[in-house]
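Chemist: Mind looking over this structure? Questions follow.
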Amino acid sequence: MNVAILGTGYVGLTTGACLAYLGHRVTCVDPDAHKIGALQRGEVPFYEPHLEDLLVEARPNLQFTMDYAEAIPEAQVIFIAVGTPPGNGGAPDLRYLQAAAEGVGERMGPHFTVVVNKSTVPIGSGNWVGALVRDAVERQGRGRGCFSVASNPEFLREGSALHDSLYPDRVVIGADESQTAEILYTLYRPILDQTFQPPPFLPRPDRVGAVPLISTDLASAELIKYAANAFLALKISYINEIGQLAEKVGADIAQVARGIGLDARIGTRFLQAGIGWGGSCFGKDTAALVSTASEYGLEMSIVKAAREVNRRQRERVVEKLLAELKILKGRTIGLLGLAFKPHTDDLREAPALDVARHLLERGARVKVHDPVAMDRFKKEHAGLDVILASDAYEVAREADALVLVTEWPQYLELDWEPLASCMRTPILLDARHVLDRARVARAGFRYLTLAG
Ligand SMILES: NC(=O)c1ccc[n+]([C@@H]2O[C@H](COP(=O)([O-])OP(=O)(O)OC[C@H]3O[C@@H](n4cnc5c(N)ncnc54)[C@H](O)[C@@H]3O)[C@@H](O)[C@H]2O)c1
């Protein structure tokens, strides 16, 4: 099939690379000249494992352009995968979505075209995008246009985006007519039936069989995305709230989480106590859910509470350090990890940024390191007055405390003795609760977590 993808961020580029790998002819469009230039040279403008390799494999079927006119007229399926960043009052900023929908309407071909919202968009956006496209078509004097709008929410996780796209837990297609759903079913068929030859660097996991398809109406597909993200966020905040109680009563939160999670009704994932969630999605999507619900007079009190617990976890890092060091002014605190999670250089809503800001406000010096996100940090957060360290040992030198903020595998394998011995006071706050307490203590550290 001939496919256009609008937006070459984490979602758009991953989708484009995967669909091209499956044999579809894909044109990716983005107004960002820097990104398109890089992609045309075969470079990936952000860090995502194996994406560069897949782009090489998919290259014969893949084009990149800044010009809608090179992608839209021929496309049978057009994915909108532009950013929907947080806006005012909790609702996302939809200006990129609006520009994309209007651009589609202005250039759409005469054949039947499916316009797919892959961006996470508020409930009702399917109808809104439909109206924007139709108005744009009519402004060109071309009748009402021959198209339909579908919702195909994306569930990939940065850091394992390709794996999640090729071997998803489910595919959700929301459409109000069967013809639309059938076109998307045909597009995704190699993934749904798992009939494609896996790329050598991404072998098919043993457990993966046919992928469930949820074929539903537009509003349900839109709500599925928000409800899924909010539920994952709730799980994280729930274990963090239990972690606070565990600390008070002297319980081991890791054992508690395991004891809860092995109940098949609950599941072990997303029950890791720690600093809480970050990234571009959970914060924005829970805020959007609360905002949408309020338009209907609903409170969403559980989701609001999860957001508040998450916000507090970042402050609790500073409170813990204050309790240990008594004075933060003039102290040097080292942060291990900047990215919001391992295997990405994405810094959006990263907990490390808030922790650094809180510490700086209290007069501390802050040293930082990240195995992958340093360059991006320098570009995007030049105003944050922190000291950039070349490695974890540099972060530890003469520091009064270390905070493990992002659980990069490189940090989990550190040789902790030399780190402890070069610090002013060997305090280690494991804000992800991932290190072996006994091993770190043997290395000479006073070991702390957010749950005891
Ligand atoms: N990142 C994730 O893990 C993830 C997962 C699931 C869903 N989502 C959702 O997918 C959407 C995209 O997220 P992302 O992380 O890929 O965003 P991103 O910021 O990485 O990329 C968005 C891209 O859209 C481009 N763009 C802006 N306006 C455009 C236009 N008019 N036409 C074409 N391109 C345009 C931008 O230049 C940018 O390259 C968001 O709604 C997000 O909530 C993201």
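Bear in mind these aren't lab numbers, they're just calculated from the coordinates by the rules spelled out. All values derive from a computational prediction rather than experimental measurement. Cβ sites come from the backbone with ideal geometry, for glycine too, and all protein chains shown count toward neighbours.
Chemist: Only counting other Cβ atoms within 10 Å, I'd like 415, 135 sorted with the fewest neighbours first. Write down the numbers at each step before the final one.
Modeler: Details: 415 10, 135 14.
Fewest to most other Cβ atoms nearby, the residues stand as 415, 135.
Chemist: Take every Cα pair under 8 Å in the range 107-227 that's 6+ residues apart, average their separations, divide by the length, and report that relative contact order as a whole percent.
Modeler: 31
Chemist: Scattering from the C-alpha atoms of the range 90-237 alone, worked out with Debye: what is log10 I(q)/I(0) at q = 0.10, 0.11, 0.21 1/Å?
Modeler: Summing over Cα pairs of the range 90-237 leads to -0.41, -0.49, -1.31.
Chemist: Using a 7 Å offset from the Cα along the Cα-to-Cβ direction at both residue 32 and residue 378, what is the distance between the two label points in nm, to one decimal?
Modeler: According to this spin-label approximation, the distance is 1.9 nm.
Chemist: Let me ask something else. Going by how many other beta carbons lie within 10 Å of each one, how would you line up 113, 186, fewest first?
Modeler: 186, 113
Chemist: Could you put 189, 139 in order, starting from the residue whose Cβ has the fewest other Cβ atoms within 10 Å?
Modeler: Final ranking by Cβ density, sparse to dense: 139, 189.
Chemist: Okay, moving on. Among the listed pairs 248/378; 118/378; 326/379; 118/367; 225/326; 248/379, give every one whose C-alpha distance is greater than 32 Å.
Modeler: Listed pairs above 32 Å: 248/378; 326/379; 118/367; 225/326; 248/379.
Chemist: Would you mind computing Rg(Cα) / (2.2 N^0.38 Å) for the range 2-216, counting N as its residues?
Modeler: Normalised Cα radius of gyration, the range 2-216: 0.97.
Chemist: What distance in nm separates the two pseudo spin-label positions at residue 322 and residue 43, each 7 Å out from Cα along the beta-carbon direction?
Modeler: Result: 4.4 nm between the two label points.
Chemist: When Lys and Arg each count +1 and Asp and Glu each count -1, what net charge do the other residues less than 14 Å away from residue 223, Cβ to Cβ, add up to?
Modeler: Result for the neighbourhood of residue 223: -3.
Chemist: Of the trypsin sites (Lys or Arg not before Pro) in the range 180-287, which ones lie in a loop per DSSP and count no more than 14 other C-beta atoms within 10 Å?
Modeler: 207, 265, 269
Chemist: Continuing with this model, one more query. Using the alpha-carbon centroid of each, what span in Å lies between the range 102-117 and the range 118-146?
Modeler: Measuring centre to centre over Cα atoms gives 8 Å.
Chemist: Where Lys and Arg each count +1 and Asp and Glu each count -1, what net charge lies around residue 432 among other residues with Cβ under 12 Å from its Cβ?
Modeler: Result for the local shell: -1.
Chemist: Toward the positive end of the charge dipole of the chain, about the Cα centre and with charges on Cβ (Lys, Arg +1; Asp, Glu -1), which of 330, 105, 56 goes farthest?
Modeler: Of the options given, the answer is 330.
Chemist: Okay, next question. On a C-alpha basis, how far is the centre of the range 263-337 from the centre of the range 41-56 in Å? Whole number, if you could?
Modeler: 31
Chemist: Run down the aspartates and glutamates and flag those whose C-alpha is under 12 Å from the C-alpha of residue 284, throwing out any fewer than 8 positions away in its chain.
Modeler: Reachable aspartates and glutamates: 93, 349.
Chemist: A further question on this structure: So for the chain, what are the equivalent ellipsoid semi-axes in whole Å, largest first, each being the square root of 5 times an eigenvalue of the Cα gyration tensor?
Modeler: Numbers: eigenvalues 354, 108, 91 Å².
The three semi-axes for the chain are 42, 23, 21 Å.
Chemist: Further, regarding this structure: Using the Kirkwood radius built from alpha carbon pairs, what does the Stokes-Einstein equation give as D for the range 313-449 at 4 °C and 1.567 mPa s, in µm² per second?
Modeler: The diffusion coefficient I find is 89 µm²/s.
Chemist: Another question, if that's okay. How many percent of all Cα-Cα pairs in the range 226-304 sit more than 18 Å apart?
Modeler: Within the range 226-304, distances greater than 18 Å cover 47 percent of Cα pairs.
Chemist: So, one more: What does the net charge come to around residue 19 if you take all other residues with beta carbon closer than 12 Å to its beta carbon, with K and R at +1 and D and E at -1?
Modeler: Taking every other residue near residue 19 into account, the sum is +3.
Chemist: What do you get for Rg/Rh of the range 86-137 when both radii come from the Cα atoms and Rh is the Kirkwood radius? Please report the intermediate quantities before stating the final value.
Modeler: Values: Rg = 11.6 Å, Rh = 11.6 Å.
With Rh from the inverse mean 1/r over Cα pairs, Rg/Rh is 1.00.
Chemist: For the charge dipole of the range 2-216, defined by +1 on Lys and Arg C-beta atoms and -1 on Asp and Glu C-beta atoms about the Cα centroid, which residue among 78, 166, 198 has the Cα displaced farthest towards the positive pole?
Modeler: 78
Chemist: Using alpha-carbon positions, what is the distance between the centroids of the range 413-434 and the range 163-242, in Å?
Modeler: Cα centroid to Cα centroid, the span is 40 Å.
Chemist: In the chain, with Lys and Arg counted as +1 and Asp and Glu as -1 at Cβ, which of these residues, 451, 136, 352, has the Cα nearest the positive end of the dipole, that is, farthest along it?
Modeler: So the residue we want is 451.
Chemist: How many nm is it between the label spots at residue 214 and residue 251, if each spot is 7 Å from the Cα in line with the beta carbon?
Modeler: Taking the simple label geometry, residue 214 and residue 251 are separated by 3.0 nm.
Chemist: Could you sort the peptides 115-121, 29-35, 288-294 by per-residue average Cβ neighbour count (10 Å cutoff), highest mean leading? Mind dumping the intermediate values first?
Modeler: Numbers: 115-121: 26.0, 29-35: 17.3, 288-294: 19.7.
Result, highest mean Cβ count within 10 Å first: 115-121, 288-294, 29-35.
Chemist: Placing unit charges on C-beta atoms (Lys and Arg positive, Asp and Glu negative, everything else neutral), compute the dipole magnitude of the chain about its Cα centre in debye, rounded to 20.
Modeler: With only Lys, Arg, Asp and Glu charged at Cβ, the dipole is about 1040 debye.
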